[in-house]
Amino acid sequence: MRYQYFVFLLLISLVSCQSTSTEITTIYLLRHAEKVSDQPEDPVLNMVGERRSTQLADLLIDVDIDAIYSTEYNRTKATVQPIADMKDKMITLYTPDKEEKFLKHVFKNHGGKTVLIVGHSNTIPPLVNHLIGEKKYENLKEDEYDKIFIVEALKLGKGKANILRYGNNLHE
């Protein structure tokens, strides 16, 4: 885990050293944290998910996030609420069914900046695929909550993705 954290900090350093004149847009994409299983309509986070959302905020504390996007569900909003509070940012809602239109909006409004997007197991990989211009990533497994995709792109379809895992000691 220490090695992954070091790599993460190194990536953050490299991204922050980039000149904005190149207009590299950095997008962090992740699935919502763990949810309760007894609310089929719009579940909230369970205790593990709440811990994961706090660890996410701790992990991204030194990242200058310009915008935060979430789907309209309780679990997605709750996953990024701690970081939104910490960064004093509003959470903007989006609908994930029109990936390309949404991502064009992100580039138009936040080109050259850093954006955080939270979604679902079946919406985050397609967004990443649109950003990198190839169908590389499949839907996440039902129990897979620990991936952060970090995409750096000059424009839509011309990005490079890295994957980091986060959330240690959550089940203690």
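The values are calculated or read from the model by the stated rules, or taken from the named source; none is laboratory data. This is a predicted model, so every value here is computed, not measured. Cβ sites come from the backbone with ideal geometry, for glycine too, and all protein chains shown count toward neighbours.
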With criteria (1) modelled with pLDDT under 95; (2) surrounded by fewer than 18 Cβ atoms within 10 Å (Cβ to Cβ), His120 comes up short on (1)
Picked from the range 126-145 (must be free of Cβ contacts under 8 Å to residues at least 40 places away in the same chain and in contact with a strand residue (DSSP E or B) (Cβ under 8 Å, 6 or more places away or on another chain)), the residue surrounded by the fewest Cβ atoms within 10 Å (Cβ to Cβ) is Lys136
The correct count of residues that are assigned to a loop (DSSP other than H, G, I, E, B), buried (at least 16 other Cβ atoms within 10 Å of the Cβ) and not aromatic (Phe, Trp, Tyr) in the range 69-110 is 2
Going through the range 146-169 in order, the residues found to be among the basic types (Lys, Arg), under 22 Å from Lys35 (Cβ atoms) and assigned to a loop (DSSP other than H, G, I, E, B) are none
